Amino acid sequence: MARVLVTSELGFDLGEALREALALDCEEPGDEDFCIQQPVCGPSKPVAPAAGGKDAAKQPQSAENARRRATRERRKAEEGRKVRPEAALKHTPKAPILESIAEIVQLPVTSCGYHGTNEGKSRADTAPTVEDLRQQGYIEIEWDGVTPQVVADGPTQKIMVVLAGQPLDPTYQESQERATQKILRAREVADFQPEELDHHRASNSAALNHGVFHGQGTPHPLNLCNGARAELIEDLCQDPDIRRMAHFADASLKKWSPDVYEEVEGKLNRLYCRDSSLSKPFPFSVYPTAAFNFGPQVCCKAHRDSSNYPSSWCAIQPLGRFNPKRGGHLYIKELKIFIQFPTGSTILIPSALLTHGNTPVQDGEVRLSFTQFCPGGLIRWVDNDFQTQRSLQKRLSRSKFAERMKLKETRWEEGLEKIPTLAQLQKKYAESSKKKTNAARSLPLTGEAHG
C-alpha cells in the first residue's frame, strides 16, 4: 500500500513562519484580556478578562485605557491579517504532496453555486478503522502535523486540501492542553444526554454550533442559540487558548486562499453592517460559524457539510491525547486518502464537496475537535440584496430577475477561479514581494548632509 511521508525540516518553526508572514501575530494566551463582542441574544458588551490567565493578577485597567484597548482590538478585527509576501513565498511548498484522482470541477455543487448537493438519507452507520481503509486501498499520508503541504487536483492543479500545520511553539502546545481541559470541563457542565452523544454525524461525542447561520429552515441570517448552554458556549469562545487556535485557522485560510478569503470577508462585513445584532464567534476570524465536538472520543462518520459555501474551506482542528498513527485520521472518500491528524494541527478542506470523516482512536484516549466554517446561505443572502430569492423576485422586474438567475450558471465557475494553484500563490507572493522591495528602495534617504 502506498504511503506518503511528510516531516518537517530541521529547525522549521511554522509559528515563526506565520509570525513572519502576518503583520498581526497569532495571539498568545492572555493577549486578549479585553475586547468587544456581541453575545448571541443581546446588545454588545465588553468581555471581562479570563479568570486564571497570566494577566489575572494585574490591576484593573482605567476606563480610558480600556477604551483605547477596545479601539485597538476593533481596528485589528477590521483590518485583518496582512500577509507578508516574502515570508508567505518562503514557506509555500514547491509542489503538491499528492495529486488527486478526483477533479474538483466534478464535485457535487448545487445549480445556484452556494451549496454542495444534499447527501440524501444514505449515511454511514459506523466510521472505518485504519485497517478498513488500508484494505479498501486508501493512500495513507503520514504527517507530523507541522509541515505545510497540499493535495491538488491532478488536471487543474487547484488546491483541494491544505495541511496547514501548527506553530512548533511550546506555548502553543500548552494552549492546546488547556483548551482540551476547558472543553472537557464544559462537557461535564453541559450534561449531555445519551441521545446527544450518538447521532447521524458522529459517535460518542455531542456537538454544539455557535455563531451566525442562514440555511434551510431559517427565514434570514441569525445567531445560533444554544438555550441553557448558551453561556457555556460563549465562555468557550472567549477563552484565550481557543481563540488562539481560531485565529491561527483564520490566518491559514487567508494565506492559502486569499481571493476566497477576500470575497467572504467583504460580503460578511456588509452583512454585519446591515445587521449589527449578528455576532461571529471570534473577533479576528473571518469564519462566521464554529462547531465544538465535545468527545471524549470524537469519531465523525463519513459526511459532507452540504450547506457550507463550496469554494470556502472549513478549518478542522483536533484536540486531546491520542496516537495519530493509530487513530483520529482524517479520511476523504473522493480522494481515497487518509491523513494522520495530530492534536492541535489544522487542515483546511472544502467540506461541502468532499465526503470526510475520521477513524476512531484507541480505548482510553481522548479526542475532541473544533471546526470553523462559512454557511453558503449567508453569501446568498448578501448577493440577493439581503433578502430571500422569493422576495427578490417580487421586488425586481421580470427581466431584471431573469438576469439575476442567469448568474447562477457561472457562479461555481467564478468560485473555482478563486481557488488557487500552488503556482498561482508562488507567483502572487513573488510579485508582491518584488513590489515591496522596489518600493522600499525608492524611498528617499533622510538625514543631514556632511561636507
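The values are calculated or read from the model by the stated rules, or taken from the named source; none is laboratory data. Please read all numbers here as calculations on a predicted model, not as lab measurements. Backbone-built Cβ (ideal geometry, glycine too); neighbour counts: all protein chains shown. For the accessible areas, the whole protein counts, side chains as well, though only heavy atoms, and no ligand, DNA or RNA atoms are used. Shrake-Rupley method; radii C 1.70, N 1.55, O 1.52, S 1.80 Å.
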> Looking at the stretch 183-200, which of its residues are of a type in the set (K, R) and crowded, with 16+ Cβ neighbours inside 10 Å?
Replying inline: R187
> Tally time: how many residues in the stretch 373-403 are part of a helix (DSSP H, G or I) and over 30 Å from the mean Cα position of the chain (by Cα)?
Replying inline: 12
> Are there any pairs with C-beta distances below 6 angstrom linking a residue in the stretch 360-376 that is free of Cβ contacts under 8 Å to residues at least 60 places away in the same chain and more than 10 Å from A315 (Cβ to Cβ) to a residue that is open to solvent by 10 Å² or more (accessible area, probe 1.4 Å) and of a type in the set (D, E, K, R), with the two at least 6 apart or on different chains, and if so which?
Replying inline: Q362/R326
>> Any residue that is under 12 Å from the mean Cα position of the chain (by Cα) and under 19 Å from Q176 (Cβ atoms) - is there at least one of those in the stretch 251-271?
In response: yes
> Based on what the data block shows, is A440 in a helix (DSSP H, G or I), modelled with pLDDT under 90, hydrophobic (A, V, I, L, M, F, W, C) and over 19 Å from the mean Cα position of the chain (by Cα)?
Replying inline: yes
>> Quick check on the stretch 322-329. Is at least one of its residues basic (K, R), surrounded by fewer than 22 Cβ atoms within 10 Å (Cβ to Cβ) and closer than 25 Å to K158 by Cβ?
In response: no
> Would it be correct to say that A206 is touching a helix residue (DSSP H, G or I) at 6+ places or on another chain (Cβ under 6 Å), modelled with pLDDT of 95 or more and over 26 Å from D275 (Cβ atoms)?
Replying inline: no
>> Tally up the residues in the stretch 196-227 that are assigned to a strand (DSSP E or B) and over 14 Å from I379 (Cα atoms), please.
In response: 11
> What residue, of Y287, Y272, Y261, is in contact with a helix residue (DSSP H, G or I) (Cβ under 7 Å, 6 or more places away or on another chain) and without any contact (Cβ under 8 Å) to a residue 40 or more places away in the chain?
Replying inline: Y261
>> When you check T126 against the structure, is it open to solvent by 10 Å² or more (accessible area, probe 1.4 Å) and at pLDDT 85 or above, yes or no?
In response: no
> Do we have any residue at all in the stretch 288-297 that's open to solvent by 10 Å² or more (accessible area, probe 1.4 Å), outside any strand (DSSP E or B) and not aromatic (F, W, Y)?
Replying inline: no
>> Kindly evaluate R134 against the criterion of being surrounded by 15 or more Cβ atoms within 10 Å (Cβ to Cβ), at pLDDT 75 or above and in a helix (DSSP H, G or I).
In response: yes
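Residues checked against (1) within 30 Å of A102 (Cβ to Cβ); (2) open to solvent by less than 40 Å² (accessible area, probe 1.4 Å); (3) modelled with pLDDT of 95 or more:
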| position | (1), (2), (3) |
| --- | --- |
| R178 | no, no, yes |
| Q181 | no, no, yes |
| G215 | yes, yes, no |
| D239 | no, yes, yes |
| K255 | yes, yes, no |
>> Name the single residue that is surrounded by the fewest Cβ atoms within 10 Å (Cβ to Cβ) among those in the stretch 351-367 being over 16 Å from the mean Cα position of the chain (by Cα) and of a type in the set (A, V, I, L, M, F, W, C).
In response: V366
